[in-house]
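First comes the structure, then the notes that go with it.
The values are calculated or read from the model by the stated rules, or taken from the named source; none is laboratory data. On a predicted model such as this, the values are computed, not experimentally measured, just so you know. Counting neighbours? That spans all protein chains shown, and the Cβs are built from the backbone with ideal geometry, glycine included.
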Amino acid sequence: MPLELYLDLHSQPCRSVFIFAKKTNIPFDFKFVDLATGQQYGEDFGKISVVRKVPVMRDGDFILTESVAILKYLAEKFGTSDSDHWYPADLQKRARVNEYLSWQHAAMRAHGSKVFWFRAIVPIITGSDVPKEKMDSAMEDLTLSLKVFEEKFLDDRPFIIGEKISLADLVAIVEIMQPVGTGLDLFENRPILGAWRDRVKMELGEALFDEAHKTIMDVASLPQTFENNGMLEFLKPKIQKMFN
Amino acid sequence: MALEIYLDLFSQPCRSVYIFAKKNNISFDFMKVSLLEGEQYGEEFGKINMIRKAPAIRDGDFCLAESIAIMKYLAEKYQTSDHWYPADLQKRARVNEYLSWQHMGIRMHGSKMFWLRLLIPKIMGVEVPKDKMDGALEDLEGSLKLIEEKFIGDKPFIAGDQISLADLVAIVEIMQPVGSGLDVFEGRPKLSAWRDRVQAEIGKELFDEAHRGILASQEMVKNMDSSKMQVFKPKILRFFL
């Protein structure tokens, strides 16, 4: 039985897993979980993962959640000496990858996601724009994360660990692309970030990068989908929580 | 030059690194960074970690932040017992799965509870609004339920029969709200039994030593000079209120 990856490319961690598997030629079955219709809350998906999030990987009877864990598992299981750079065996290089992958959860990912929700989703659910001070605050957090990214994690290097792309760059780019999908050009006036993005895109291959990001670059279609599937009422309490 | 570990035991990730290093007899210089006094914002510490958080290590000229990255680095460098971070692909994946989930899954909720119950009332001089407190409690309870049901399940420890980094990182985070006076183990026999096993594996003395500070928080915060903590006001307004 081939590897199964449960994915929705609206989701940043789904994109990193998708890109990695494709780039490193790992054969898999793409099992679509339609987040916009709430499929992750259905009975079938509940049997795959009680956490009800994507991505999920099923390798035979081994089921694994969390993109960072999945990426490391795939890198280890299918890796070759040529592909060592994704998750290097070298102690210090690996530590740098781990350092980024740890930091990013509560920083880049949290801040990019929040800006995405505030710009693309909350206005649909609540029928009005997010209050200015909350939007400004969210943008400030994202701006700071991007600053830390440029200054500490890149710091004049072509990629996070140095000369070669790794899981850290992959996880970084998909998170940064989330708010970009809402029409916010984060690369404008950030030449260091833009140059890094170009290098990452080249390493991954433009066709694959664009394929993975096609969905998120088209978020304007979300409102109708939400309305058609009763997601508006369902998401209201979740939105309320975000403001608490 | 000895390994330097920059720590404040009020911080959960500092406790996991401290316990891990001590348990595995890794010699290090304990470099105290007093977080509530804002020492992380000083010039010296900025050279160690420009993100200005603890823990951080300096190993020769190699500086590293993030407790999970630090523990994996130490595990590999000092060749600690396999069970901490198993070489077996699937066991390691289970440890990584928990370590990834926990950042937003429990760490955020446990930390928030500590701030809402102890630090914010002290610094801002007001009790936190009931709806915020209730919301935070709900999140914490959801997390604890998931830890019991999915991550521990019917196993003695998260990765199986033996303790790993996952259990260590879990216990220090769960102890944070406990330090604020919230007994999260009450009414949760499964979680309590797991806590007892983890404590036994770590060793009661080491566990208690690491948690002495946080468990004395209520008293300590009461006696703190809140005027020294005003630097945290903007952070509080932004994140919590």
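Among the residues making up the stretch A:183-202, a single one is closer than 12 Å to residue A:173 by Cα and acidic (Asp, Glu): A:198.
Taken together, the residues in the stretch B:201-228 that are part of a helix (DSSP H, G or I), in contact with a helix residue (DSSP H, G or I) (Cβ under 9 Å, 6 or more places away or on another chain) and within 16 Å of residue B:163 (Cβ to Cβ) amount to 5. For residue B:87, the criteria (1) more than 8 Å from chain A (Cβ to nearest Cβ); (2) surrounded by fewer than 17 Cβ atoms within 10 Å (Cβ to Cβ); (3) more than 30 Å from residue A:61 (Cα to Cα); (4) not polar (S, T, N, Q) hold in every case but one, which is (3).
Considering the stretch B:90-107, and only residues there that are farther than 19 Å from residue A:61 by Cα and aliphatic (A, V, I, L, M), the residue that is nearest to the other protein chains (Cβ to nearest Cβ) turns out to be B:104. Restricting attention to the stretch A:30-53, does a residue exist that is of a type in the set (Ser, Thr, Tyr), under 21 Å from residue A:205 (Cβ atoms) and assigned to a helix (DSSP H, G or I)? Checked the stretch A:30-53: no residue is of a type in the set (Ser, Thr, Tyr), under 21 Å from residue A:205 (Cβ atoms) and assigned to a helix (DSSP H, G or I). Hey, does the stretch B:147-164 have a residue that's part of a helix (DSSP H, G or I), under 17 Å from the mean Cα position of the chain (by Cα) and among the polar types (S, T, N, Q)? No, every residue in the stretch B:147-164 fails to be part of a helix (DSSP H, G or I), under 17 Å from the mean Cα position of the chain (by Cα) and among the polar types (S, T, N, Q).
I need a count of the residues in the stretch A:155-197 that are in a helix (DSSP H, G or I) and of a type in the set (Gly, Ala, Ser).
Step one: list which residues in the stretch A:155-197 are in a helix (DSSP H, G or I), which gives A:167-180, A:191-197.
When the remaining residues are screened for being of a type in the set (Gly, Ala, Ser), the result is A:168, A:172, A:194-195.
Within the stretch A:155-197, residues that are in a helix (DSSP H, G or I) and of a type in the set (Gly, Ala, Ser) number 4.
Residue count for the stretch B:175-191, restricted to those that are within 18 Å of the chain's Cα centre (by Cα) and either more than 19 Å from residue B:117 (Cβ to Cβ) or not in a loop (DSSP other than H, G, I, E, B) (or both): 6.
Anything in the stretch A:1-24 that is out of contact with any helix residue (DSSP H, G or I) (no Cβ under 8 Å at 6 or more places or on another chain) and either of a type in the set (Val, Ile, Thr) or surrounded by fewer than 16 Cβ atoms within 10 Å (Cβ to Cβ) (or both)? List them, or say none. Result: A:1, A:2.
When B:231, B:172 are screened for being in contact (Cβ under 8 Å) with a residue 12 or more places away in the chain, in a helix (DSSP H, G or I) and over 21 Å from residue B:84 (Cβ atoms), only B:231 passes.
Which residue is nearest to the other protein chains (Cβ to nearest Cβ), if the candidates are limited to the stretch A:100-147 and must be under 23 Å from residue A:35 (Cα atoms) and not in a helix (DSSP H, G or I)? So the residue we want is A:104. Residues B:100, B:143: which one is surrounded by 22 or more Cβ atoms within 10 Å (Cβ to Cβ), free of Cβ contacts under 8 Å to residues at least 12 places away in the same chain and more than 17 Å from residue B:179 (Cα to Cα)? So the residue among B:100, B:143 that is surrounded by 22 or more Cβ atoms within 10 Å (Cβ to Cβ), free of Cβ contacts under 8 Å to residues at least 12 places away in the same chain and more than 17 Å from residue B:179 (Cα to Cα) is B:100.
Cβ-Cβ below 6 Å, separation at least six or inter-chain, first residue in the stretch A:191-219 and within 11 Å of residue A:19 (Cβ to Cβ) and among the β-branched types (Val, Ile, Thr), second in a helix (DSSP H, G or I) and modelled with pLDDT of 95 or more: which pairs? Going by the 6 Å Cβ cut-off, the qualifying pairs are A:200/A:169; A:200/A:173. In the stretch A:51-74 there is no residue matching the filter, namely being out of contact with any Cys (no Cβ under 8 Å at 6 or more places or on another chain), surrounded by fewer than 22 Cβ atoms within 10 Å (Cβ to Cβ), in contact (Cβ under 8 Å) with a residue 24 or more places away in the chain and among the aromatic types (Phe, Trp, Tyr).
Considering only the stretch A:178-185, I want to know if a residue exists there that is within 13 Å of chain B (Cβ to nearest Cβ) and on the phi < 0 side of the Ramachandran plot. If you could, list the steps in order and put the result at the bottom.
The first filter runs over the stretch A:178-185 and keeps only residues within 13 Å of chain B (Cβ to nearest Cβ), leaving none.
The answer is no, given that none of the residues of the stretch A:178-185 is within 13 Å of chain B (Cβ to nearest Cβ) and on the phi < 0 side of the Ramachandran plot.
In the set B:214, B:163, only one residue is closer than 16 Å to residue B:115 by Cβ, among the β-branched types (Val, Ile, Thr) and surrounded by 16 or more Cβ atoms within 10 Å (Cβ to Cβ); that residue is B:214.
Can you tell me which residues in the stretch B:118-127 are touching a Ser or Thr at 6+ places or on another chain (Cβ under 8 Å), part of a helix (DSSP H, G or I) and surrounded by fewer than 22 Cβ atoms within 10 Å (Cβ to Cβ)?
Of all residues in the stretch B:118-127, those touching a Ser or Thr at 6+ places or on another chain (Cβ under 8 Å) come to B:118, B:122-123, B:125.
If we keep only those that are part of a helix (DSSP H, G or I) too, we end up with B:118, B:122-123.
If the condition is that a residue be touching a Ser or Thr at 6+ places or on another chain (Cβ under 8 Å), part of a helix (DSSP H, G or I) and surrounded by fewer than 22 Cβ atoms within 10 Å (Cβ to Cβ), then B:118, B:122 are the ones that fit.
Note on the stretch A:64-99: residues that are among the charged types (D, E, K, R) and either touching a Lys or Arg at 6+ places or on another chain (Cβ under 6 Å) or at the interface with chain B (Cβ under 9 Å from one of its Cβ atoms) (or both) total 7.
Residues of the stretch B:136-153 that are within 12 Å of chain A (Cβ to nearest Cβ) and either among the aromatic types (Phe, Trp, Tyr) or over 18 Å from residue B:113 (Cα atoms) (or both): B:148, B:149, B:150, B:151, B:153.
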